[in-house]
Structure formats: structure tokens, C-alpha cells
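Everything below concerns the one structure shown next.
The values are calculated or read from the model by the stated rules, or taken from the named source; none is laboratory data. Nothing here was measured: the structure is a model prediction, and the numbers come from that model. Backbone-built Cβ (ideal geometry, glycine too); neighbour counts: all protein chains shown. Accessible surface areas use protein heavy atoms only, side chains included; no ligands, DNA or RNA. Shrake-Rupley method; radii C 1.70, N 1.55, O 1.52, S 1.80 Å.
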Amino acid sequence: MPRQSVGHLLLALKKMDIRHELLADPHQSKWKATKVAEYACTSPEAFRELMHCFESDEYRLAQRAAYSVSIATDLQPGLIGPYIGVLIGQLKRTDVHDAIIRNSARILQDVAIPDEFHGELMDATFGIIGNRQVAVAIRAFCLTILFNLSKIYPEIRKELRAQIEDSIAFEQPAFASRAAKILKSI
């Protein structure tokens, strides 16, 4: 049995208190976030516990859970399906740490979005890319989300192109690079 599978089995056998693990250290580490994510991937119930932390009103808990949610989604993309609406809701919040919004956008750029969320997601992401006060990484992820949606709704390409062209000269390199690639594709 491969080493990762044994580790996964051991995680499944030992119940983890995700909340406690996320708050145990004064600093979040990639190792800890990955450990929590791997445990969360052992069952839908464990993933639900992680999502409960992600949705928490406790600022630090939600911030730390966000990174683990992103890692867990990379490991088991199917687990995030029931929570797409939660991720979109997080994009619209202004009272949470940027990590929550950034990881929500990072996930949403890579997963299939159910049709019933398309309009809400377009509204949220167009609002974000037009707001230069929002962190550049979040805005770059939102460009990709809109580009992905433009494959389904070609009529949004005109608005996407206009927003990019109006702002690209004033943008930071991360945004400008992604924007230029999208302009070539639309």
C-alpha cells in the first residue's frame, strides 16, 4: 500500500477535532493546513466539520480553515459540490479576512458551478474585478471565473473585455498578466 494511503487510513481511524487543530498553534503552517485537509477528505462528515469552521464568525478560525478547504478541494474536488453557494456567499462579504475570499475564488475558478449559481457568481466577480481595493490575487482568480463563465455565456465577453481594457494599464503584474491572456482568448 502506498505511503499516502496508509497515512489516510491512520487519519480516518483517529478522530480529529478540526477546530482545535486549526487554533492550536499561534501561526498557521502549510503542514498543519494539509494535515487538517487530509483528515477532512476522509468523509463527508469530516469535510462538513471543516466547512463549519470556514463559515465561522471567529475571524482566526475561518481564516485558517480557508486554506485547508482549498487544499481539501484539490485532493477531493467532489466534496465541495454541496458548498458552492457558501463559497459564492463568501465572495460577497466584506467582514472576513482576505484569505477566505481568496481561497473561495481559487476554488471556484477550478470547479464546475451549478447553473443556478451562474448569475450570482457573475455579479459578485464583476464587482470584485472592478474594485481596485480588493487584493490582486482575488481579482485575478475572479477574472478566470468570468472567463470560464464566458464559455457558457458568450454575451458577457464584451463586458469582460471592456473592464479589462479600461484597467489593464493601471494594474499590478499578476492581474495584468492574467488579463492579457484572457483578452487573447476572448
Subject >> segment 12-170, relative contact order in percent, only Cα pairs under 8 angstrom and at least six apart counted >> reply: 16
Subject >> Surface share of carbon and sulfur [accessible, 1.4 angstrom probe, percent] for the chain >> reply: 54
Subject >> Accessible area per residue in Å² at 1.4 Å probe, computed on the chain >> reply: 53
Original post:
So, in Å, what gap is there between the alpha-carbon centers of segment 44-65 and segment 107-152?
Top reply: 22
**OP:** Could you state the angle between the C-alpha long axis of helix 98-108 and the longest principal axis of the C-alpha atoms of the chain, as a value from 0 to 90 degrees rounded to the nearest 10?
**Re:** 80
Original post:
To the nearest 10 degrees, how steeply does helix 173-185 sit against the main Cα axis of the chain, on a 0 to 90 scale?
Top reply: 60
Original post:
Each residue of segment 140-151 in order: what ³J(HN,Hα) in whole Hz does its phi give by Karplus 6.51 cos²θ - 1.76 cosθ + 1.60, θ = phi - 60°, with x for Gly and Pro?
Top reply: 5, 4, 5, 4, 5, 4, 5, 4, 4, 5, 5, 6
Subject >> Expected 222 nm ellipticity per residue - DSSP helices of 4 or more, -39500 (n - 2.57), all of the chain, to 500 >> reply: -21000 deg cm²/dmol
Original post:
For the chain, with only Lys/Arg (+1) and Asp/Glu (-1) charged at the beta-carbon, what is the dipole magnitude about the Cα centre, in debye rounded to 20?
Top reply: 620
Original post:
With all pairs of different alpha carbon atoms counted, what Kirkwood hydrodynamic radius in Å does the chain show?
Top reply: 17.4
Subject >> Cut-off under 5 Å, modelled amide H: who pairs with Val111 long-range >> reply: none
Subject >> Extended-chain gain in nm, criterion 0.36 nm per residue less alpha-carbon gap, Ala174 and Asp95 >> reply: 26.0 nm
Subject >> Computed FRET value (nearest 0.05) for Asp115 with Ile186, which takes r as the C-beta separation and R₀ as 22 Å >> reply: 0.55
